[in-house]
Amino acid sequence: MRIAHASFDRVYAYFAVRGMRHAWPFLVAEGGSSIAGFLEGILFHGTPPIGYVYFVAVDPGARGMGSGRGLVQESLRLFRSRGANRVFAAVPRDNDPSMRLFESLGFERVARRVLWRWYRWRGLSVQMRMLLAPHEVLLTHTFTDLPPASSQEVSRTS
């Protein structure tokens, strides 16, 4: 709670604390004898699953030491291990440090409509559950080490 309140405005802090109970993955970075930061994500089940990082917060005294990077990298590993081929994140337009972090890890800015284009009705459902605010930028990371396509997928695209 302390890190959420130090990192976000009241509305974001409320949802960050509230979301901890239902997050997967919910990751914590330790900094010595205290908590340095946390990450909350969600895995939208389906074929393929879709990963979403919805909160990353690092204690103000621990920023710039790699905790946020480590949390996002571990979330990518976990999402990939569950079969996700894309992970999304939403970052407020004015949060330059978060934007730089995600972009340095291979995330790219995309329009919200890509969710519809890539996933159709499922994408609309995912976007509604993401609750993207108008001042947020949607980012996506696509894994380049995708498993080989099944014979069914090959015949559908041929």
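The values are calculated or read from the model by the stated rules, or taken from the named source; none is laboratory data. Predicted, not measured: the structure shown is a model, and the values here were computed from it. Positions of Cβ are generated from backbone atoms using ideal geometry, with glycine treated the same way; all protein chains shown enter the neighbour counts.
Would you check if residue 66 is surrounded by fewer than 17 Cβ atoms within 10 Å (Cβ to Cβ) and either over 21 Å from residue 94 (Cβ atoms) or not aromatic (Phe, Trp, Tyr) (or both)?
Working: surrounded by fewer than 17 Cβ atoms within 10 Å (Cβ to Cβ): yes; either over 21 Å from residue 94 (Cβ atoms) or not aromatic (Phe, Trp, Tyr) (or both): yes.
Taking the combined requirement at face value, the residue satisfies it.
Residues that are touching a Ser or Thr at 6+ places or on another chain (Cβ under 8 Å) and surrounded by 14 or more Cβ atoms within 10 Å (Cβ to Cβ) within region 45-63 comprise 51, 53, 56, 57, 58, 59, listed in sequence order. Any residue at all in region 130-138 that is surrounded by 11 or more Cβ atoms within 10 Å (Cβ to Cβ), more than 13 Å from the chain's Cα centre (by Cα) and at pLDDT 90 or above? No - not one qualifying residue is present in region 130-138. Scan region 85-95 and tell me whether some residue there is among the polar types (S, T, N, Q) and under 16 Å from the mean Cα position of the chain (by Cα). For region 85-95, residues among the polar types (S, T, N, Q) and under 16 Å from the mean Cα position of the chain (by Cα): present.
Say whether the condition of being buried (at least 16 other Cβ atoms within 10 Å of the Cβ), over 14 Å from residue 105 (Cα atoms) and among the polar types (S, T, N, Q) is met by at least one residue in region 72-90. Yes, region 72-90 contains a residue that is buried (at least 16 other Cβ atoms within 10 Å of the Cβ), over 14 Å from residue 105 (Cα atoms) and among the polar types (S, T, N, Q). The residues listed here are 64, 70; of these, the one that is part of a helix (DSSP H, G or I) and over 19 Å from residue 12 (Cβ atoms) is 70.
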